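Here's the structure we're looking at; comments come further down.
The values are calculated or read from the model by the stated rules, or taken from the named source; none is laboratory data. What you are looking at is a predicted structure, and each value in this text was computed from that prediction instead of being measured. All Cβ positions, glycine included, derive from the backbone under ideal geometry; neighbour counts span all protein chains shown. We work out accessible area using only protein heavy atoms, side chains counted, and drop any ligands, DNA or RNA first. Shrake-Rupley method; radii C 1.70, N 1.55, O 1.52, S 1.80 Å.
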Amino acid sequence: MQHDKIAVVDFGGQYAHLIATKVRRSRVLAEIRQPEDLIEEFASCKGVILSGSPALASFGEDSGWNKAILDLDVPILGFCFGHQEIAKHYGGTVINGKQEWGHADLHLLREHPLFAGLDKVEQVWMSHFDSVTGVGPDFEELGYSVLDEAAPPHRFAAIGSDKLRRYGFQFHPEVDDTVHGDDMIANFVLGICGCSPTWTMDNYVQEQIERIRAQVGDGSVFLLASGGVDSTVAARLFAEALGPQRLQLLHVDNGLMRKDESAQVVTLFSDLGLGENLHFIDAGETFLQALEGKIEPEAKRRAIGDTFITVFESEARRLGITDHLLGQGTIYPDTIETGGTKRADTIKTHHNRVPVIEEMIAAGRVIEPLADLYKVEVRELGEMLDIPHAMIRRHPFPGPGLGVRLLCSDGTVPDQDGLDKIGPAVAELAAAAGLEAMPLPIRSVGVKADLRSYEHPVLLHGDADFATLTRTAGRIFKSVAGLNRALWNLAPEPPRVLRPLAATMSRQRLDLLRECDHLVMEGLRRHGLYDRIWQCPTVLVPLEVDGRGRELCIIRPVLSERAMTATAAELPRPLLDDLRQEILTLPGISGLAYDLTSKPPGTIEWE
Ligand code: XMP
């Protein structure tokens, strides 16, 4: 059967692939195209969507794309960078400025088929440095956005020309935080482009099984099985496609797992009927040696990813497993965040995307049946493959494990000048909400307008409700550069000192983090919150704040649907009281803080 098709032009934004997923949710086939593709590649498409980009339209970055796309006689809709390029091309103006991060209200100026069935005010998600400040003669402003009631509205958040059938949104309808984004995409695809909804996911498993059989031929698959949702679903799919004899699983205890986790993984695989195929190795010492003295997040990530492969290859040799492909449960965000498409910026190198693995992929030695999916789809697939619900609902846990949650430091203050500049600005914004604020002399990784950042957090102190705290955080991100996270001090007193301490990865520090993480997970379960929260990393930072312990402990509960965006989750006060009681009294702990940061500008993990 021939399906109607939408082309999604991937300018390297973090969400280009997500746009394609959302189009498919409307049951219309979507295919990714590159901005320099020849016009013939678009021949059979009934519409085009231009994605966002890490490039700045205001400075003419990445402007050499094939503009003949705009001459196609089909409707075109641009998001963020795509929106700005459409505005510019048809005589509008784009400036560098008026940045917005996070939730904003879109106020619609009139009824329009793009917004059919929606309210006059819609919650949308923003992540941009550049803004459209004027449109050409054939265009009209369809809506403006308000991020902060106290500030003037942002004009031209939605623009369009019904005559030319060209439209643009400054916000991202493809992310789940744009509440009715799926409807907006469906209105474009089904309404404006007139596509028929004929594409379904029903045969997805069958297609994947056939693909695995074709790629593996007579060989076998040796799968790195962490016990997380992705590798477990991949294991089940491989077993389905190849039969259990041609699947071997390796669980590596890298010493960076949570409390008792490796033992639980072994039980899990025997419950799934795959126990006989599972090999287990305790490689904690090898990983610790590889991480020795490493401080910078990317250096730690690479060391962990490389060590996985060294351990894997030596185990394959030891077990005499030859003629195998390396199986991985890689999902789409792992690739995009590693800068794995042509234009995407490297936000963080995921453990399954280090250079050695990229070389193995190029040599055809890797098989990754989930590489096009997001976690929600992997979970759906897992349900179809009869994997127990409790397993499927487990919180995501990154491949490098606690390695990216245990920060290391050489004991010096990074970027003292930057800190001095930030201090007065954040203090003033926080004071407006009755809070104290101090930037911390440490850094963590974040993502802003599709670019990686490595910047300071700010610590807020004082009593306020959660909405006030997150609103204050949002105001700080909006107007102060050089910051990508806001924390709330859970200790009763403001910090007495703020001193980074020299610390590297060690078993003792990992054990302390394991204990803190265990207390947080138990607390979430006790309060019935585990399933409602997407993920809650616990992080240790070698920062003295009370002159007693050496480690600041941070809890990061987030709500998300696909991990591409996230908001801080509110935890009830009684749970916070429990955690204060349990964690602040652990020997070695210096303070406790609550991460209030949305993604962007922070990422979910700290490194
Ligand atoms: P960030 O921190 O980039 O994370 O917002 C998005 C999601 O990906 C998980 N994550 C990883 N998963 N290997 C993985 O398998 C990795 O290297 C990795 N790094 C981050 C993270 O926990 C979150 O769910």
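For residues that are among the small types (Gly, Ala, Ser) and under 19 Å from Asp577 (Cα atoms), scanning just the stretch 454-477, find the one that is most open to solvent (accessible area, probe 1.4 Å). It would help to see each step written out before you state the result.
First, the residues of the stretch 454-477 that are among the small types (Gly, Ala, Ser): 462, 464, 467, 473-474.
Cutting the leftovers down to under 19 Å from Asp577 (Cα atoms) gives us 462, 464, 467.
Numbers: Gly462: 24, Ala464: 14, Ala467: 55 Å².
Filtering first and then ranking leaves Ala467.
Looking at Val545, Val497, Val520, Val539, which one is β-branched (Val, Ile, Thr), within 16 Å of the ligand (Cβ to nearest atom) and within 23 Å of Leu435 (Cβ to Cβ)? Working first, answer last.
Values: Val545 fails: within 16 Å of the ligand (Cβ to nearest atom); Val497 fails: within 16 Å of the ligand (Cβ to nearest atom); Val520 fails: within 23 Å of Leu435 (Cβ to Cβ).
Just one listed residue meets the conditions, Val539.
May I ask you to say which residue of Ala157, Ala214, Ala151 is hydrophobic (A, V, I, L, M, F, W, C) and at pLDDT below 90? Spell out how you get there, then give the answer.
Details: Ala157 fails: at pLDDT below 90; Ala214 fails: at pLDDT below 90.
On inspection, the qualifying residue turns out to be Ala151.
Taking the conditions exactly as written (within 16 Å of the ligand (Cβ to nearest atom), modelled with pLDDT under 90 and either surrounded by fewer than 21 Cβ atoms within 10 Å (Cβ to Cβ) or hydrophobic (A, V, I, L, M, F, W, C) (or both)), does Ile361 satisfy them or not?
no
Within the stretch 296-311, which residues are surrounded by fewer than 17 Cβ atoms within 10 Å (Cβ to Cβ) and out of contact with any helix residue (DSSP H, G or I) (no Cβ under 7 Å at 6 or more places or on another chain)?
If we filter the stretch 296-311 for residues that are surrounded by fewer than 17 Cβ atoms within 10 Å (Cβ to Cβ), which is where we start, we get 296, 298-299, 306, 310.
Listed by number, the residues that qualify are Glu296, Glu298, Ala299, Thr310.
How many residues are part of a loop (DSSP other than H, G, I, E, B) and farther than 26 Å from Thr567 by Cβ if we restrict to the stretch 173-193?
Initial filter on the stretch 173-193 (part of a loop (DSSP other than H, G, I, E, B)): 173-180, 193.
Those still in the list that are farther than 26 Å from Thr567 by Cβ too: 193.
Looking only at that region, the number is 1.
Tally time: how many residues in the stretch 580-607 are among the basic types (Lys, Arg) and in contact with a Pro (Cβ under 9 Å, 6 or more places away or on another chain)? Show your work before the answer.
Going through the stretch 580-607, the residues among the basic types (Lys, Arg) turn out to be 580, 599.
Next, only the ones that are in contact with a Pro (Cβ under 9 Å, 6 or more places away or on another chain) stay: 580.
The number of residues fulfilling the criteria is 1.
Of the residues that sit in the stretch 302-317 and are in contact (Cβ under 8 Å) with a residue 12 or more places away in the chain and not aliphatic (A, V, I, L, M), which one is farthest from the ligand (Cβ to nearest atom)?
Restricting attention to the stretch 302-317, the residues satisfying the condition of being in contact (Cβ under 8 Å) with a residue 12 or more places away in the chain are 302-312, 315-316.
In the following step, the residues that additionally are not aliphatic (A, V, I, L, M) were identified as 302, 305-308, 310, 312, 315.
Details: Arg302: 11, Gly305: 8, Asp306: 13, Thr307: 13, Phe308: 10, Thr310: 17, Phe312: 15, Glu315: 20 Å.
That would be Glu315.
Kindly indicate the residue of the stretch 15-28 that is in contact with an Asp or Glu (Cβ under 7 Å, 6 or more places away or on another chain) and open to solvent by 10 Å² or more (accessible area, probe 1.4 Å) and also farthest from His83 (Cα to Cα) among those meeting that condition.
Top of the filtered list is Arg25.
Residue by residue through the stretch 109-145, note down the ones that are more than 21 Å from Ile185 (Cα to Cα) and exposed (fewer than 14 other Cβ atoms within 10 Å of the Cβ).
Selection gives Pro137, Asp138.
So that you can scan it fast, the table gives a plain yes or no per residue for (1) without any contact (Cβ under 8 Å) to a residue 40 or more places away in the chain; (2) assigned by TED's automatic domain parsing to the domain that holds Leu249; (3) on the phi < 0 side of the Ramachandran plot; (4) open to solvent by less than 50 Å² (accessible area, probe 1.4 Å):
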{"residue": "Glu207", "(1), (2), (3), (4)": "yes, yes, yes, no"}
{"residue": "Glu210", "(1), (2), (3), (4)": "yes, yes, yes, no"}
{"residue": "Gln215", "(1), (2), (3), (4)": "no, yes, yes, no"}
{"residue": "Gly219", "(1), (2), (3), (4)": "no, yes, yes, yes"}
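When the residues of the stretch 450-485 are filtered to those that are in contact with a Pro (Cβ under 7 Å, 6 or more places away or on another chain) and outside any strand (DSSP E or B), which remaining residue is farthest from Ala151 (Cα to Cα)?
This residue is Asp450.
Would you confirm whether any residue within the stretch 149-165 is touching a residue at least 24 places away in the same chain (Cβ under 8 Å), within 19 Å of His83 (Cβ to Cβ), over 29 Å from the mean Cα position of the chain (by Cα) and not in a loop (DSSP other than H, G, I, E, B)?
yes
In the stretch 184-205, which residue that is of a type in the set (Phe, Trp, Tyr) and surrounded by fewer than 22 Cβ atoms within 10 Å (Cβ to Cβ) is nearest to Trp534 (Cα to Cα)?
Out of the qualifying residues, it is Tyr204.
Identify, please: which residue in the stretch 364-377 is more than 23 Å from the chain's Cα centre (by Cα) and open to solvent by 30 Å² or more (accessible area, probe 1.4 Å) and is, among those, farthest from the ligand (Cβ to nearest atom)? Can you show your working first?
First pass over the stretch 364-377, keeping only residues more than 23 Å from the chain's Cα centre (by Cα): 364-366.
In the following step, the residues that additionally are open to solvent by 30 Å² or more (accessible area, probe 1.4 Å) were identified as 364-365.
Values: Gly364: 22, Arg365: 19 Å.
Only one residue fits best here, namely Gly364.
For Thr338, only one of the following conditions fails: (1) more than 15 Å from the ligand (Cβ to nearest atom); (2) open to solvent by less than 50 Å² (accessible area, probe 1.4 Å); (3) under 19 Å from the mean Cα position of the chain (by Cα). What is its number?
Going through (1) more than 15 Å from the ligand (Cβ to nearest atom); (2) open to solvent by less than 50 Å² (accessible area, probe 1.4 Å); (3) under 19 Å from the mean Cα position of the chain (by Cα) one by one, Thr338 breaks only (1).
Give the number of residues within the stretch 504-534 that are open to solvent by 30 Å² or more (accessible area, probe 1.4 Å), part of a loop (DSSP other than H, G, I, E, B) and touching a residue at least 60 places away in the same chain (Cβ under 8 Å).
4
It is to be established whether one or more residues within the stretch 321-331 are open to solvent by 20 Å² or more (accessible area, probe 1.4 Å) and at pLDDT 90 or above.
Looking through the stretch 321-331, at least one residue is open to solvent by 20 Å² or more (accessible area, probe 1.4 Å) and at pLDDT 90 or above.
Would you confirm whether or not the stretch 271-293 contains a residue that is within 19 Å of Met360 (Cβ to Cβ), assigned to a helix (DSSP H, G or I) and at pLDDT 95 or above?
Within the stretch 271-293, one or more residues are within 19 Å of Met360 (Cβ to Cβ), assigned to a helix (DSSP H, G or I) and at pLDDT 95 or above.
Could you identify the single residue in Val413, Val404 that is within 15 Å of the ligand (Cβ to nearest atom) and either surrounded by fewer than 17 Cβ atoms within 10 Å (Cβ to Cβ) or under 23 Å from Cys536 (Cβ atoms) (or both)? Full working, then the answer.
Numbers: Val413 fails: within 15 Å of the ligand (Cβ to nearest atom).
After ruling out the rest, the residue left standing is Val404.
If I go through the stretch 596-605 residue by residue, how many of them are near the ligand (Cβ under 8 Å from one of its atoms) and either without any contact (Cβ under 8 Å) to a residue 24 or more places away in the chain or in a loop (DSSP other than H, G, I, E, B) (or both)?
3
Are there any pairs, at least 6 apart or on different chains, whose C-beta atoms fall under 6 Å, with the first in the stretch 256-283 and crowded, with 17+ Cβ neighbours inside 10 Å and the second assigned to a loop (DSSP other than H, G, I, E, B), and if so, which?
Val265/Gly227; Leu268/Gly227; Ala283/Asn254
Quick check: is even one residue across the stretch 248-265 part of a strand (DSSP E or B), of a type outside the set (A, V, I, L, M) and more than 15 Å from Gly401 (Cα to Cα)? Quick ask: steps written out before the conclusion?
So in the stretch 248-265, the residues part of a strand (DSSP E or B) come out as 248-253.
Next, only the ones that are of a type outside the set (A, V, I, L, M) stay: 248, 251, 253.
This time we only want the ones that are more than 15 Å from Gly401 (Cα to Cα), so: 248.
Looking for residues that are part of a strand (DSSP E or B), of a type outside the set (A, V, I, L, M) and more than 15 Å from Gly401 (Cα to Cα), one finds at least one in the stretch 248-265, hence yes.
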